[in-house]
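Shown next, in structure tokens, is the structure this report addresses.
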Amino acid sequence: MRENEKPMRGRGAGGRGPQLDGALFSIGQMARLFDVNVRTLRYYDSIGLLEPEVVNAETGYRYYSSAQFERLNTILYLRMLDVPIAKIASFFALRDVGLMRGILEEQLRDVQEKQRRLALVGEKIARRIGDIDRAVGARLDEPGIRQLPARRVARLAESFAPSDDLEPLIRDLSRRSNLDGAIFLGKVGVSIARADLERGAFGRLSSVFVLLEADERREGAESVLPAGDYASVLFRGTHREAVPSYRRLAAFIEESGRRIGGDSVEVTLIDAGMTSDESRFVTEVQIPLEPLGLQPGRPQRG
């Protein structure tokens, strides 16, 4: 049954609450005046946050007075600030300036923390977009040297063949490192050990790892990929098609007069997580280089 839309006088309305001489407003009229859903007003009534001045004993219709406008204004203002209902109710139980200030201070801290988290999310999104743009727009199969910052990784050191199924290893790393939210788009990588790179053996991978964002924390040990020069190449495909790119990078390093400085870093930037078209998969191989000053007697070029 719809509640009466006609304003009524408070005296003689019947039901609970004080009787008023001024005009009363139906729940529908209150909803329109304050641009709030009728269901919300009924909910506020049910929890005792904003009870009608009058409820008609015969029809059950709810009626509000203009004296309640300020209370509803305050409720809606605090809800707009995302203050929880329980805190709003505690304020109305005391209606104290100090309590209101404390609620607003706490809400400000919550908002600032949300802003911090959103900023970090924004940085992650921007990095993923940058990775995608670089993969889509890059000239493939052309080695070069990139200067990269230090990067934190969660690493699972275990020798395995490139043909092995990496998914169980990745899930094991995720479970052991508490990183379920981190296994996403261009963050999972594999490595070939430095010794194998130096002797041109590209048939076995030495580890699988996850690149950690600045704000990500994990259980257990982690390691750091050092900052410095990395020989890099992007190619079409995944780690199963990586061997020719490793050979290409090894030749490039030799021709550049540089020396391998550590394990490789191989990350698929575009894979099945982004597209079902395998012809668009793109992977990057990076091989760290020894600093120029640590390579006596070698020609220094590039």
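The values are calculated or read from the model by the stated rules, or taken from the named source; none is laboratory data. Remember, it's a predicted structure, so these values are computed and weren't measured experimentally. With ideal geometry, Cβ positions are generated from the backbone for all residues, glycine too; neighbour counts draw on all protein chains shown. Protein only, heavy atoms only, side chains kept; ligands, DNA and RNA dropped before computing areas. Shrake-Rupley method; radii C 1.70, N 1.55, O 1.52, S 1.80 Å.
Structure notes:
- Qualifying residue in the stretch 243-255 (condition: buried (at least 18 other Cβ atoms within 10 Å of the Cβ) and not in a helix (DSSP H, G or I)): no
- The set of residues in the stretch 278-302 that are part of a loop (DSSP other than H, G, I, E, B) and modelled with pLDDT of 90 or more comprises PHE281, GLU290, PRO291.
- Taken over the stretch 7-33, the residue count meeting the criterion of being over 14 Å from SER65 (Cβ atoms), open to solvent by 30 Å² or more (accessible area, probe 1.4 Å) and either modelled with pLDDT of 50 or more or in contact with a Ser or Thr (Cβ under 6 Å, 6 or more places away or on another chain) (or both) is 1.
- Matching residues in the stretch 233-274 - criterion: being at pLDDT 95 or above, under 18 Å from ARG134 (Cβ atoms) and in contact with an Asp or Glu (Cβ under 6 Å, 6 or more places away or on another chain): LEU234, PHE235
- The test for being open to solvent by 80 Å² or more (accessible area, probe 1.4 Å), part of a helix (DSSP H, G or I) and at pLDDT below 95 holds for ARG116.
- When residues of the stretch 19-55 are limited to those that are of a type in the set (A, V, I, L, M, F, W, C) and part of a loop (DSSP other than H, G, I, E, B), the one nearest to ALA89 (Cα to Cα): LEU49
- Single match in ILE88, ILE47 (criterion: over 26 Å from LYS114 (Cα atoms), modelled with pLDDT of 95 or more and of a type in the set (Val, Ile, Thr)): ILE47
For (1) over 22 Å from the mean Cα position of the chain (by Cα); (2) at pLDDT below 90; (3) of a type in the set (Ser, Thr, Tyr), each residue gets a yes or a no:
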| residue | (1), (2), (3) |
| --- | --- |
| ALA161 | yes, yes, no |
| GLU167 | yes, yes, no |
| VAL188 | no, yes, no |
| ILE192 | yes, no, no |
| ARG217 | no, yes, no |
| PRO226 | yes, no, no |
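- Residues of the stretch 56-63 include none that is modelled with pLDDT of 90 or more and assigned to a helix (DSSP H, G or I).
- Pairs, first on the phi < 0 side of the Ramachandran plot in the stretch 262-283, second surrounded by fewer than 21 Cβ atoms within 10 Å (Cβ to Cβ) and acidic (Asp, Glu), C-beta under 7 Å, six or more apart: LEU269/ASP131; PHE281/ASP271
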